[in-house]
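Trainee: Have a look at this one.
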Amino acid sequence: MFREIKHRDLLLAIIGNLEDAPHGSTFYGDGKNPLEWAMFNLGRGDVLQAHIHKVRKRMGSHKTLEFLYIVQGKLRVDFYDLDKNKVRSEVLSANEFVCLYDGGHGFKALRSDTKFIEVKNGPFVGIEEDKEKF
């Protein structure tokens, strides 16, 4: 269901496909990273009970964590270790997603109609302070 992308013991990313979601909810979180996520595959009439989230101290992060969901097209994701060495590449298609935890990454659209949604912790304060391009 999920593929871990690791370099040595460093978790770079998790890749999954929404098509593989079993009925109900499937959560991913190892308790070590502040970004957790879930897949939902609900049938007609299934209910997620109304709720609010309590204010409490949560695990923080000094780095940006990103989650990308591919809506259509094909996107190549290149993964890099902390020394900026390319570790591997993966091609993602519609209904696939990647959660980027550590190391570096780059993207290349392989089709002209590639669309994806990116979610990350903010605020983004500009390239000079947020990113180191290589």
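Trainee: If Ile70 passes every condition in (1) in contact with a strand residue (DSSP E or B) (Cβ under 9 Å, 6 or more places away or on another chain); (2) not in a strand (DSSP E or B) but one, which one does it miss?
Mentor: (2)
Trainee: OK, next. Taking the conditions exactly as written (outside any loop (DSSP other than H, G, I, E, B), touching a Gly at 6+ places or on another chain (Cβ under 6 Å), among the hydrophobic types (A, V, I, L, M, F, W, C) and under 19 Å from Met39 (Cβ atoms)), does Phe116 satisfy them or not?
Mentor: no
Trainee: Another question, if that's okay. Checking the condition within 20 Å of Leu11 (Cα to Cα) and either assigned to a loop (DSSP other than H, G, I, E, B) or touching a residue at least 12 places away in the same chain (Cβ under 8 Å) (or both), which residue from Arg76, Arg56 passes?
Mentor: Arg76
Trainee: What is the one condition in (1) under 25 Å from Pro22 (Cβ atoms); (2) modelled with pLDDT of 95 or more; (3) part of a loop (DSSP other than H, G, I, E, B); (4) not acidic (Asp, Glu) that Gly43 does not satisfy?
Mentor: Among (1) under 25 Å from Pro22 (Cβ atoms); (2) modelled with pLDDT of 95 or more; (3) part of a loop (DSSP other than H, G, I, E, B); (4) not acidic (Asp, Glu), Gly43 violates only (2).
Trainee: On the basis of being farther than 22 Å from Leu82 by Cα and in a loop (DSSP other than H, G, I, E, B), does Gly16 make the cut?
Mentor: no
Trainee: Quick check: anything in the range 2-10 hydrophobic (A, V, I, L, M, F, W, C), under 12 Å from the mean Cα position of the chain (by Cα), surrounded by 15 or more Cβ atoms within 10 Å (Cβ to Cβ) and more than 17 Å from Asn121 (Cα to Cα)?
Mentor: Yes, because at least one residue in the range 2-10 is hydrophobic (A, V, I, L, M, F, W, C), under 12 Å from the mean Cα position of the chain (by Cα), surrounded by 15 or more Cβ atoms within 10 Å (Cβ to Cβ) and more than 17 Å from Asn121 (Cα to Cα).
Trainee: OK, next. Does Lys84 satisfy being out of contact with any Ser or Thr (no Cβ under 9 Å at 6 or more places or on another chain), assigned to a loop (DSSP other than H, G, I, E, B), modelled with pLDDT of 95 or more and not polar (S, T, N, Q)?
Mentor: Yes: the conditions hold for Lys84.
Trainee: If you take the residues of the range 40-67 that are touching a strand residue (DSSP E or B) at 6+ places or on another chain (Cβ under 9 Å) and within 30 Å of Val125 (Cα to Cα), which of them is surrounded by the most Cβ atoms within 10 Å (Cβ to Cβ)?
Mentor: Result: Phe67.
Trainee: Scanning the range 86-123 for residues that are free of Cβ contacts under 8 Å to residues at least 24 places away in the same chain and over 24 Å from Met1 (Cβ atoms), which turns out surrounded by the fewest Cβ atoms within 10 Å (Cβ to Cβ)? Show your work before the answer.
Mentor: Looking only at the range 86-123, we keep the residues that are free of Cβ contacts under 8 Å to residues at least 24 places away in the same chain, and these are 86, 89, 91, 93, 122-123.
Among the residues that remain, those that are also over 24 Å from Met1 (Cβ atoms) are: 86, 122-123.
On the way: Lys86: 11, Gly122: 8, Pro123: 6.
Among those that are free of Cβ contacts under 8 Å to residues at least 24 places away in the same chain and over 24 Å from Met1 (Cβ atoms), it is Pro123.
Trainee: Residue by residue through the range 19-32, note down the ones that are part of a loop (DSSP other than H, G, I, E, B) and surrounded by fewer than 12 Cβ atoms within 10 Å (Cβ to Cβ). Quick ask: steps written out before the conclusion?
Mentor: We begin by selecting, within the range 19-32, every residue part of a loop (DSSP other than H, G, I, E, B); these are 21-23, 29-32.
The answer is Pro22, His23, Gly29, Asp30, Gly31, Lys32.
The values are calculated or read from the model by the stated rules, or taken from the named source; none is laboratory data. In this text the structure is predicted, and so the values were computed from the model without any measurement. All Cβ positions, even for glycine, are placed from backbone atoms using ideal geometry, and neighbour counts span all protein chains on display.
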